[in-house]
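Structure record follows, encoded as structure tokens.
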Amino acid sequence: MSNKNAVRKRGSRAVAQARGTGGSRVAIIAGVVVVLVLAVVVVGAVVIAGKNRDTTAESGDIPALTSAAAAVPVALEEQSGTVVVGKGGAKATIDVYEDFLCPICGQFESAYGPKIADALTAGTLKVRYHVVNLLDSKSTPPGYSLLSANAALSVAKNNPAKFADFHDSLFSAQPREGGPGYTADQIVALGKDLQVGGTYEQDVRNGAFDATVKAAYQKAGSDPALQQTQGGQSYFGTPTVASGGKVLDLNDPNWLTALIGG
């Protein structure tokens, strides 16, 4: 876990540069390509067991990562599809909008995931996770973004303590955008490996939270407070992190420290 955290910390500058383009999602990804060429070691370390992302997605082997962090309260707000993680009385609350297929979200988690986890454990931060299906058409076949988001909400419903493990497992062995995402069978198998239990398998196969995920994405996409601007046009992208009704500048590597201190 410590080696993984060290790699994630080295990736913070890559995320800041990628987000710092301030452009459309296409421009952001183009920036990441340049960064990845210069930081291939970081990317290699993110892929579990030395597997490339396509091989991992096709093999059916999703590493079931488990967290050694102290227990942190997790609750699902079923109506809005928001997963609330953190202790009462936290100094700051952030809303994190992510898509499990989004490569920039993967970079964000690689860079800031350990810092967020530390703040959650310390009780200084509360996180409201919004998993959306922004890139639903960008997997082959389409639909992985919705499938994985639906499954994440089911984990939060059936076994909240396993949400962080599920979330980290999918991002640490993230499929490539444009390639095959994980299948329902693979997502079910991951839940079994993590011992989620309850109605998880039925929820995954029946799309129990599909409508909730779609509604949450539509709401976020039309929320003026979550929009960014490029060339005079507004857009909603992932990852987006907001606090106090304002989108935070992830180009600033100290954005989290500025919120919680330390």
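Bear in mind these aren't lab numbers, they're just calculated from the coordinates by the rules spelled out. Only a predicted model underlies this, so the values are computations on that prediction, with no experimental measurement involved. Glycine also receives a Cβ, built like all others from the backbone with ideal geometry; neighbour counts cover every protein chain displayed.
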Along region 77-84, Karplus-curve 3J(HN,Hα) (6.51, -1.76, 1.60; θ = phi - 60°) to the nearest Hz, with x for Gly and Pro, reads 8, 4, 5, 9, x, 9, 9, 9
Result: in region 84-216 the number of Lys pairs with C-alpha under 14 Å apart, spaced 8 or more or on different chains, is 4
Here region 140-262 gives, from Cα atoms, an Rg and Dmax in Å of 16.7, 48
Of 100-108, 138-146, 250-258, 222-230, ordering from highest average Cβ density within 10 Å down gives 100-108, 138-146, 250-258, 222-230
Region 212-262 and region 114-168 have their Cα centres apart by a whole-number Å value of 16 Å
For THR240, the residues 5 or more places away or on another chain with a placed amide H closer than 5 Å to its own amide H are TYR97
dims of region 93-167, Cα set, principal axes, largest to smallest, nearest Å -> 41, 28, 18
